[in-house]
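Here is the structure we will look at, set down as structure tokens.
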Amino acid sequence: MRRIAGVLGLVLVLSVTAAFAGENPVLGTWKLKSFVREVFTTGERYNQLGEHPDGYLSYSADGRMYAFLTSNNRIAPHEVAPTDEERANLYRTMQGYAGTYTMDAEKVIHHVDISWNQAWTGTDQIRFYTLDGNTLTIMTAPNKSPFDGREGRGILVWERIRAPTQ
């Protein structure tokens with residue numbers, strides 16, 4: 001009887017995961033192509049992490065996600081253990097967080113449970129998205145930049161990563 005209950009439980013979990021995966025257009029891993037910050041008061045637009053930022057965004061079928069972004073001009077520390085100045089510079093040139101997510105046809109909400117900036121941990125980060133083939137464009141809800149504190153929004157363009165062929 002326990003074996004049957006265990007098998008039925010496993011089938012239920014796999015069915016829910018498969019159903020979620022089948023209805024989820026953003027499922028998978030995405031590579032960052034650009035990150036533009038738009039400042040509301042001035043209309044200024046600039047590359048938040050430089051001309052060629054690096055980063056990954058991933059949505060999994062179990063409802064978890066992560067985002068990790070870095071500037072294109074990061075300077076490697078001189079030693080494995082960076083100096084305080086090097087550590088601060090490394091921190092200023094990255095963003096990263098993970099958690100769970102919920103979504104509908106036009107927005108995804110990241111429920112952050114771990115973050116590079118502890119102020120984000122425990123928050124919901126609202127993202128509006130459009131999908132055009134293998135290109136995912138995400139616009140943040142209005143927010144204060146974690147880098148300079150100005151009110152605006154981020155516009156991030158991602159490209160879907162294809163699974164390697166074997």
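The values are calculated or read from the model by the stated rules, or taken from the named source; none is laboratory data. Only a predicted model underlies this, so the values are computations on that prediction, with no experimental measurement involved. Neighbour counts run over all protein chains shown; Cβ positions are idealised from the backbone, glycine included. For accessibility, only protein heavy atoms count, side chains too; no ligands or nucleic acids. Shrake-Rupley method; radii C 1.70, N 1.55, O 1.52, S 1.80 Å.
Quick notes on this structure:
- Taking the criterion of being at positive phi and in a strand (DSSP E or B), no residue of segment 117-151 qualifies.
- Among (1) part of a loop (DSSP other than H, G, I, E, B); (2) closer than 17 Å to W158 by Cα; (3) not charged (D, E, K, R) - the single one A76 does not satisfy: (2)
- Test for V108: is it crowded, with 16+ Cβ neighbours inside 10 Å, of a type outside the set (G, A, S) and modelled with pLDDT of 95 or more: yes
For (1) exposed (fewer than 15 other Cβ atoms within 10 Å of the Cβ); (2) in contact with a Lys or Arg (Cβ under 9 Å, 6 or more places away or on another chain), each residue gets a yes or a no:
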{"residue": "S71", "(1), (2)": "no, yes"}
{"residue": "H78", "(1), (2)": "yes, no"}
{"residue": "T83", "(1), (2)": "yes, no"}
{"residue": "E86", "(1), (2)": "no, no"}
{"residue": "G99", "(1), (2)": "no, yes"}
{"residue": "V112", "(1), (2)": "no, no"}
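- Residue that is least open to solvent (accessible area, probe 1.4 Å), among those in segment 139-149 that are in contact with a Phe, Trp or Tyr (Cβ under 8 Å, 6 or more places away or on another chain) and touching a residue at least 40 places away in the same chain (Cβ under 8 Å): P146
- Among residues of segment 44-60 being open to solvent by less than 30 Å² (accessible area, probe 1.4 Å) and either at pLDDT 95 or above or assigned to a strand (DSSP E or B) (or both), the one that is farthest from K107 (Cα to Cα) is P53.
- Figure legend. Inter-residue proximity from segment 57-82: first residues free of Cβ contacts under 8 Å to residues at least 40 places away in the same chain and more than 24 Å from I114 (Cα to Cα), second residues in a loop (DSSP other than H, G, I, E, B) and open to solvent by less than 40 Å² (accessible area, probe 1.4 Å), beta-carbon distance below 7 Å, spacing 6+ or different chains. Indicated pairs: N73/G50.
- Yes/no for I114 being in contact with a Ser or Thr (Cβ under 8 Å, 6 or more places away or on another chain) and free of Cβ contacts under 8 Å to residues at least 60 places away in the same chain: yes
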